[in-house]
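> Provided herewith is a single structure, encoded as structure tokens, for subsequent inquiry.
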Amino acid sequence: MKLVDAPRGRDVLMELALAATDTVDHPLHSALFHATRPFETSNVSYYTIDGGSSTPSPDWPDVTPGEVAALLDGTPLVEPTVDMLRNCVADAVDNAAYWQPPSGWDHLLATPEIRAALTRVEEHLVAPWFDAPFDGDDQWELWWRDGHRDEAPAPPSSRVLRRWAEQTRREEARRNLGGGEWWSTPPFGLPVTTTLLPDATPAGLHFMEDSFGWRQVRCRRVEVPDSPRVLEITGPQDWAGLCRRFPLEVTNQKRYNWAQCTGREGRWVMPDYEGVAEHYDAVHLTVRGYLTTAGLAVPVDEGRASVLAGWAPEETYWFRDIAAGEEVRDWDGTIDT
């Protein structure tokens, strides 16, 4: 699947195109601003450069997606650096919001005209690390110190999985049709690791959905078991296959948020991670897997679909206990201290 076919992938491609513009005065920036406004479905506050606010003016121009696409087609593209691509991915991940309808920006980028123009950007993009598989020699566990997460030993993974499965099925039986949890990650409390990007910084330092702006983090290298059974998620087909093989009904818990996010009504499932743990030691999500899957209503089988939400690119969730190594690094944003 192509990046242009998924919301987070389109985000990255547009961010990459904008990175080629010289200043915020470039006409593409203004065109995107005005073309987005008709797609907004809720009241939006517009802010001026000096920090004030304003309301839409009758004098503001009407800009069509076709006009934006023409400007995009005429924008020279630069050769992306690792830092540039990392920041583009980080912005796309941070902008994800699966508990509400798509934004005007999401709707604009999904139009046929913009998608066609972004195809040129995708063809220009070369990033082998987007497809990097699990690397057992370079896994790090993160503790966000300004997020008040301590380094206390985690409970046994088997206990975490069992409690999560029992609670999830109990919540589904209550037929709670309200908001509920919007994410589809394995349960909190399991070990989560991330690898280093080509710039030698941990992926988890940059990529976090709905982040809180945390920067102070401690990273510890972990000792990966020999020959771990790792399931790779490289795109929607892998996510659908995982849900199809280990389905867990979550319609009553997820339907409100996921219907708002995707526009789809119907039954929803997510992976039964307790069942997955009987066959795999861990599940790894590649950067491309995230960008082509997150936020979509992924068909699983007749009448059922799923959403990959709450994950981060280059993240590995473990279904077994792993040992911490001796190497520790403290980071302040992207600066090794």
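No value in this document is a laboratory result; all are computed from the given coordinates. This structure is a prediction, so every number in the text was calculated from the model and none was measured. Cβ atoms come from the backbone with ideal geometry, glycine included; neighbour counts cover every protein chain shown.
> Along the positive direction of the dipole of the range 134-336 (beta-carbon charges: Lys, Arg +1; Asp, Glu -1; about the Cα centre), which of 207, 300, 252 reaches farthest?
The Cα lying farthest towards the positive end belongs to 252.
> In addition: Report the Rg/Rh value for the range 134-336, based on alpha-carbon coordinates and the Kirkwood definition of Rh.
Here Rg/Rh amounts to 0.96.
> Placing +1 at every Lys and Arg Cβ and -1 at every Asp and Glu Cβ, with all other atoms neutral, what dipole size does the chain have around its Cα centre, in debye to the nearest 20?
1420 debye
> Continuing with this model, one more query. Between residue 34 and residue 79, 0.36 nm times their residue separation minus their Cα-Cα distance comes to what?
Computed gain between residue 34 and residue 79 is 13.4 nm.
> Kindly provide the helix-only [θ] at 222 nm of the chain, computed as the sum of -39,500 (n - 2.57) over DSSP H runs of four or more divided by all residues, to the nearest 500 deg cm²/dmol?
Computed mean residue ellipticity for the chain: -10000 deg cm²/dmol.
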